[in-house]
Ligand code: 28F
């Protein structure tokens, strides 16, 4: 059995390599990497559904921080492999074993996920696989990153088929990370939209939460979901077609909002950074509307042409492509961008031809969309003229004048090192001004509530005094013209009171940046200052500052003798010195970086958020804006 031993050693070496460099296999060991493990197993279950076996996937978040994923497909084959081990043992211990078996079809192995179930095993403290197939229930268990605890054995009889995988991630590797119900729900809901015959069930046992998704109308339901609560111009339009072995499915709908919302998928995996299919989609839609507008005399000559941004205002769309594995190309650091060149022309022509036909057949819809696009064109041209005037200092809102009243500039010239503080209220603004580091810190006090940008157009923004000040202070343009390279600041820091009004202002500002300066968020340049909630005086040893309730509770435990706690209601209650020490001093402060994980869904939430309820706002901040500490970012 020398051969068996040699192969076993190889297998353990393989698993050890994964444990030594987990980042090479799953990208990172943060929250994202932890969820990568889930997608790895879930994708196997989804592949089984795509291949036509089974229709239900269930995910259970267990109280012991393990997770259980099951499907009712055929069940992993339980026969012996040529190596003398059972097939499940091979699949869950040999690197890249899973992918090899897939011959053709639409599997995305190697592109986005597809590092294999053995990688999940390597990064788990425990893994338990139960298989229902061939009339039997079989079980195999592993521990400590893939060591076999109990080889495959029959544990019962059954008429059912399917696979159940439970794993407990090795949290020594995923420090500070835990499974997020919301993250899993969002991703699985997406899969349910993309696979109309699939039912997904998710349960969080400890939190007593559960949900179920099934969408017979697929992409149409997806777009309806995205546009929920918005005033829409027409029913969802959907097209599909196949060319050059590429299958294209598209659903789209315009609403009265001004946002553009395009989501794309390739082989049921999200292409978060777009790529050739999105480029094709955009040019197809621009061409179809320009053609229609010309033929119907709505625009004339070259100057009349609608730009892409005009015809995408208020558009929500989902694009889903099926591309054979041999044609797949992904780009970018996270491999979230489709490179396949044929995807552009195929998507463009399928969309263009179908949309052209649809517009001819549905005059009323065509005219209502074009009316909106033409208004966007007028607003865009007016805004450009206003900007040119402002730049030359001729308009009555000359940049300098708008700013000189408010902004306290930084004296240093190195814009990357400079920081812009957006401060709630004039009094806190005053303290911040006298407390700041003059060389690198600039202060812009904001008065009153900021305009609700969810419902605003670029034109409304251009006319809102507070937002205009922000735009001019940053100096890198707005909307389609925004260029993050021109930013006058390396960090833009929102500094508000730690109360309901403060968090509302934060959300309104984040919404503004999200809609009109999104690259600034993407570059990790937007931050929230976190002023302390309490100060505490112990005996006569001077003041200490405490970030939040939890820290206060902990600190109190360690105090002997008298103490006095003060709760800060607002920034204004701190004097300049305190404000600087606790909240602005780069050496001492705690800045939270704003990360928007999922732009389209974040936008849906912003939409819900702008209603009258207060609770969802807090929840939104907690769950959807992913805050990381300033220092964590620069890796
Ligand atoms: C909870 C996660 O992993 N489900 C899976 C199958 C079914 C087959 C399979 C999987 C084929 C030859 C390796 C069954 N019958 N859920 C899952 N369901 N893998 S993973 O086959 C894997 C390869 O050996 C399956 C016939 N063909 C394939």
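Yes/no per residue for (1) in a helix (DSSP H, G or I); (2) modelled with pLDDT of 75 or more:
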{"site": "382", "(1), (2)": "yes, yes"}
{"site": "388", "(1), (2)": "yes, no"}
{"site": "397", "(1), (2)": "no, no"}
{"site": "413", "(1), (2)": "no, yes"}
{"site": "430", "(1), (2)": "yes, yes"}
{"site": "445", "(1), (2)": "no, yes"}
{"site": "470", "(1), (2)": "yes, yes"}
{"site": "492", "(1), (2)": "no, yes"}
From 130, 158, 199, grab the single residue that is surrounded by fewer than 20 Cβ atoms within 10 Å (Cβ to Cβ) and either within 31 Å of the chain's Cα centre (by Cα) or within 14 Å of the ligand (Cβ to nearest atom) (or both). 199
Could you please give the count of residues in the range 61-82 that are more than 11 Å from the ligand (Cβ to nearest atom) and closer than 19 Å to residue 199 by Cβ? 1
With respect to residue 120, determine if the residue is touching a helix residue (DSSP H, G or I) at 6+ places or on another chain (Cβ under 7 Å), buried (at least 16 other Cβ atoms within 10 Å of the Cβ) and either on the phi > 0 side of the Ramachandran plot or at pLDDT 95 or above (or both). yes
Whether any residue in the range 319-342 is modelled with pLDDT of 90 or more, out of contact with any strand residue (DSSP E or B) (no Cβ under 9 Å at 6 or more places or on another chain) and in a loop (DSSP other than H, G, I, E, B) is what I want to check. yes
Of the numbered conditions (1) in contact with a strand residue (DSSP E or B) (Cβ under 8 Å, 6 or more places away or on another chain); (2) surrounded by 15 or more Cβ atoms within 10 Å (Cβ to Cβ), residue 173 satisfies every one except a single condition; which is it? (1)
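Conditions (1) without any contact (Cβ under 8 Å) to a residue 24 or more places away in the chain; (2) surrounded by 16 or more Cβ atoms within 10 Å (Cβ to Cβ); (3) touching a strand residue (DSSP E or B) at 6+ places or on another chain (Cβ under 6 Å), marked per residue:
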{"site": "465", "(1), (2), (3)": "no, no, no"}
{"site": "489", "(1), (2), (3)": "no, yes, yes"}
{"site": "515", "(1), (2), (3)": "no, yes, no"}
{"site": "523", "(1), (2), (3)": "no, no, no"}
{"site": "532", "(1), (2), (3)": "no, yes, yes"}
{"site": "545", "(1), (2), (3)": "no, yes, yes"}
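Taking the conditions exactly as written (touching a strand residue (DSSP E or B) at 6+ places or on another chain (Cβ under 7 Å) and away from the ligand (no atom under 16 Å from the Cβ)), does residue 34 satisfy them or not? Before the answer, list the steps.
Values: touching a strand residue (DSSP E or B) at 6+ places or on another chain (Cβ under 7 Å): yes; away from the ligand (no atom under 16 Å from the Cβ): yes.
In short, yes.
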Within the range 254-281, the residues that are over 29 Å from residue 46 (Cα atoms) and within 23 Å of the chain's Cα centre (by Cα) are 254, 255, 257, 258, 259, 260
For the structure I just gave you, tell me whether residue 364 is surrounded by fewer than 20 Cβ atoms within 10 Å (Cβ to Cβ) and at pLDDT 95 or above. yes
Any residue in the range 39-51 that is under 20 Å from residue 169 (Cβ atoms) sitting within a Cβ distance under 7 Å of a residue that is within 9 Å of the ligand (Cβ to nearest atom) and part of a helix (DSSP H, G or I)? List the pairs, counting only those 6 or more apart or interchain. 40/117; 41/117; 44/98; 44/117
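It is to be established whether one or more residues within the range 274-288 are assigned to a helix (DSSP H, G or I), farther than 24 Å from residue 331 by Cβ and at pLDDT 95 or above. Before you say what the answer is, go through the steps one by one.
Residues of the range 274-288 assigned to a helix (DSSP H, G or I): 276-288.
Now narrow it down to the ones that are farther than 24 Å from residue 331 by Cβ: 287-288.
Right, trim to at pLDDT 95 or above and you get 287-288.
Yes, the range 274-288 has at least one match.
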Being over 30 Å from residue 555 (Cβ atoms) and under 18 Å from the mean Cα position of the chain (by Cα) is the requirement here; does residue 514 meet it? yes
Condition check: under 30 Å from residue 135 (Cβ atoms) and in contact with a helix residue (DSSP H, G or I) (Cβ under 7 Å, 6 or more places away or on another chain). Does residue 33 satisfy that? no
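Conditions tested, residue by residue: (1) closer than 18 Å to residue 361 by Cβ; (2) without any contact (Cβ under 8 Å) to a residue 40 or more places away in the chain; (3) surrounded by 19 or more Cβ atoms within 10 Å (Cβ to Cβ).
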{"site": "251", "(1), (2), (3)": "yes, no, yes"}
{"site": "259", "(1), (2), (3)": "no, no, yes"}
{"site": "269", "(1), (2), (3)": "no, no, yes"}
{"site": "277", "(1), (2), (3)": "no, no, yes"}
{"site": "280", "(1), (2), (3)": "no, no, yes"}
{"site": "285", "(1), (2), (3)": "yes, no, yes"}
{"site": "297", "(1), (2), (3)": "no, yes, no"}
{"site": "302", "(1), (2), (3)": "no, yes, no"}
When you scan the range 47-85, how many residues do you find that are modelled with pLDDT under 95 and either touching a helix residue (DSSP H, G or I) at 6+ places or on another chain (Cβ under 8 Å) or farther than 26 Å from residue 204 by Cβ (or both)? 10
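The values are calculated or read from the model by the stated rules, or taken from the named source; none is laboratory data. Computed from a prediction, not measured in an experiment: that's the story for all the values here. Here the Cβ is made from the backbone with ideal geometry for all residues, glycine too, and neighbour counts use every protein chain on show.
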